[in-house]
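Take a look at the structure set out below.
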Amino acid sequence: MLRVVVLGAAAGGGVPQWNCGCPVCLAARTEHPELKSTQASIAISADGAHWFLINASPDLRQQLIATPQLHPRAGKLRHSPISGVILTNGEIDAIAGLLSMREGASFTIYAHPKVLSILKANSIFNVLNEKVPRQPIEEDKTFEPTLPDGSPSGIEILPFAVPGKSAWYLEGEVHAAADDGAGDTLGVRVRDKATGKHFYFLAACAAVKDDLRSRLAGAPLIFFDGTVWRDDELIAAGLGNKTGQGMGHIAMAGDNGAIAALAGLDIERKIFLHINNSNPALLHDSAEREIAERAGWQIPADGTEIVL
Ligand code: MLT
Ligand code: MN
Ligand code: ZN
């Protein structure tokens, strides 16, 4: 059995974002607290006792408090059910939560060498000491994360490259680990070895091409980049000067958007994740929400649990 908990569904900044008065943030602060959402991360487990995070968001502490499955086991003085963290990119909203895991628990960080080099280059992450080994992962090569005693977790992960871009704070910089884009943005397939049940996780993806369509066709479940509804929405709303594409994110709507590109692929359950507070599909009564739902997409609340 593969268990998945959506720890957070929002993009960088969360909902509401600290400095934002857009309609969604405003509603979340006032009459619609149910719109509140923390930054994107999921937790997965094959045995219900040991868990792996996919990305560690800046809201991790709050997410762990809200998730009983991730509390220390009863009777233990110091313990965490978290056996590892799998990183799919080096953005702040994917890695900053590691700093909330600095009190000496043992777990493993799994990431592409590019992302590991970013952690290494930022000495603040040295606070995660020798109890936190870093395991490089490769594109198109499956690996099985291990439990703290070294035994197999029963979960097979397949990382693969998707169109994206380097982390925001590294834009325009030549990074020590090369600057060819390799390792900047990964999708992962997560598979329960015992049952073969699987799903895909792509918190960032700039475009859906034929190879990705074939890969995702027939999947039982996908979590997919839902950052913006339309490419220029931040500019149109006066919230910023970046397009979705400029941030490495595909739009939900439009001819080349995720809804159109992933239609008709016989995907059983489609869930948007990494949804920016500017995205009108977050509003329950919006026309955009209706279009997304009619196309078979869900926008999850934090804490949503799925068993495959
Ligand atoms: C992104 O997904 O584009 C980044 O998380 C942007 C950010 O750090 O706010
Ligand atoms: Mn992000
Ligand atoms: Zn906002």
Subject >> Qualifying residues in region 98-130 (those that are farther than 14 Å from residue 186 by Cβ and in contact (Cβ under 8 Å) with a residue 40 or more places away in the chain) - the one surrounded by the fewest Cβ atoms within 10 Å (Cβ to Cβ) >> reply: 121
Original post:
Would you say residue 85 is modelled with pLDDT of 95 or more, buried (at least 24 other Cβ atoms within 10 Å of the Cβ) and not in a strand (DSSP E or B)?
Top reply: no
Original post:
Across region 8-38, what is the total count of residues that are in contact with a Cys (Cβ under 8 Å, 6 or more places away or on another chain) and crowded, with 21+ Cβ neighbours inside 10 Å?
Top reply: 2
Original post:
Counting only residues that are more than 14 Å from ligand 2 (Cβ to nearest atom) and small (Gly, Ala, Ser), which one in region 214-235 is most open to solvent (accessible area, probe 1.4 Å)?
Top reply: 214
**OP:** Those residues that are away from ligand 1 (no atom under 16 Å from the Cβ) and in a strand (DSSP E or B), I need them from region 1-60; list them, please.
**Re:** 3, 4, 5, 6, 43, 44, 45, 51, 52, 53
**OP:** Please name all residue pairs, on different chains or six or more residues apart, with Cβ atoms under 7 Å, provided the first residue is in region 61-76 and is in a loop (DSSP other than H, G, I, E, B) and the second residue is modelled with pLDDT of 95 or more and aliphatic (A, V, I, L, M).
**Re:** 67/5; 67/7; 67/43
**OP:** Tell me which residues, restricted to region 77-97, are in contact (Cβ under 8 Å) with a residue 40 or more places away in the chain and away from ligand 1 (no atom under 15 Å from the Cβ).
**Re:** 83, 84, 86
Original post:
If you check residue 159 against the conditions, is it closer than 28 Å to residue 105 by Cβ and out of contact with any Pro (no Cβ under 6 Å at 6 or more places or on another chain)?
Top reply: yes
Original post:
What tally of residues in region 244-299 results from selecting those that are in a strand (DSSP E or B) and over 30 Å from residue 171 (Cα atoms)?
Top reply: 3
Subject >> Cβ pairs under 7 Å, 6+ apart, first in region 9-31 and within 19 Å of residue 285 (Cα to Cα) and touching a residue at least 40 places away in the same chain (Cβ under 8 Å), second of a type in the set (Lys, Arg) and not in a loop (DSSP other than H, G, I, E, B) >> reply: 16/29
**OP:** Within region 159-201, work out how many residues are open to solvent by less than 40 Å² (accessible area, probe 1.4 Å), at pLDDT 95 or above and hydrophobic (A, V, I, L, M, F, W, C).
**Re:** 7
**OP:** Restricting attention to region 266-291, report how many residues are open to solvent by less than 30 Å² (accessible area, probe 1.4 Å) and over 22 Å from the mean Cα position of the chain (by Cα).
**Re:** 1
Original post:
Quick check, is residue 225 within 15 Å of the chain's Cα centre (by Cα), within 16 Å of ligand 1 (Cβ to nearest atom), among the acidic types (Asp, Glu) and modelled with pLDDT of 95 or more?
Top reply: yes
Subject >> region 135-158 - residue that is of a type in the set (D, E, K, R) and farther than 30 Å from residue 246 by Cβ and, of those, modelled with the lowest pLDDT >> reply: 149
Original post:
Taking region 39-56 only, how many residues are within 12 Å of the chain's Cα centre (by Cα) and either open to solvent by 30 Å² or more (accessible area, probe 1.4 Å) or farther than 19 Å from residue 159 by Cβ (or both)?
Top reply: 1
**OP:** Looking at (1) in contact (Cβ under 8 Å) with a residue 12 or more places away in the chain; (2) within 16 Å of ligand 3 (Cβ to nearest atom); (3) open to solvent by 40 Å² or more (accessible area, probe 1.4 Å), find the lone condition where residue 238 falls short.
**Re:** (1)
Original post:
Within region 131-141, which residues are β-branched (Val, Ile, Thr) and loosely packed, with under 14 Cβ neighbours inside 10 Å?
Top reply: none
Subject >> Candidate set: region 246-260, residues that are within 11 Å of ligand 1 (Cβ to nearest atom) and either open to solvent by 50 Å² or more (accessible area, probe 1.4 Å) or in contact (Cβ under 8 Å) with a residue 24 or more places away in the chain (or both); chosen: the one farthest from residue 203 (Cα to Cα) >> reply: 247
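The values are calculated or read from the model by the stated rules, or taken from the named source; none is laboratory data. Bear in mind the structure is a predicted one, so any value in this text is a computation, not a measurement. Glycine also receives a Cβ, built like all others from the backbone with ideal geometry; neighbour counts cover every protein chain displayed. Protein only, heavy atoms only, side chains kept; ligands, DNA and RNA dropped before computing areas. Shrake-Rupley method; radii C 1.70, N 1.55, O 1.52, S 1.80 Å.
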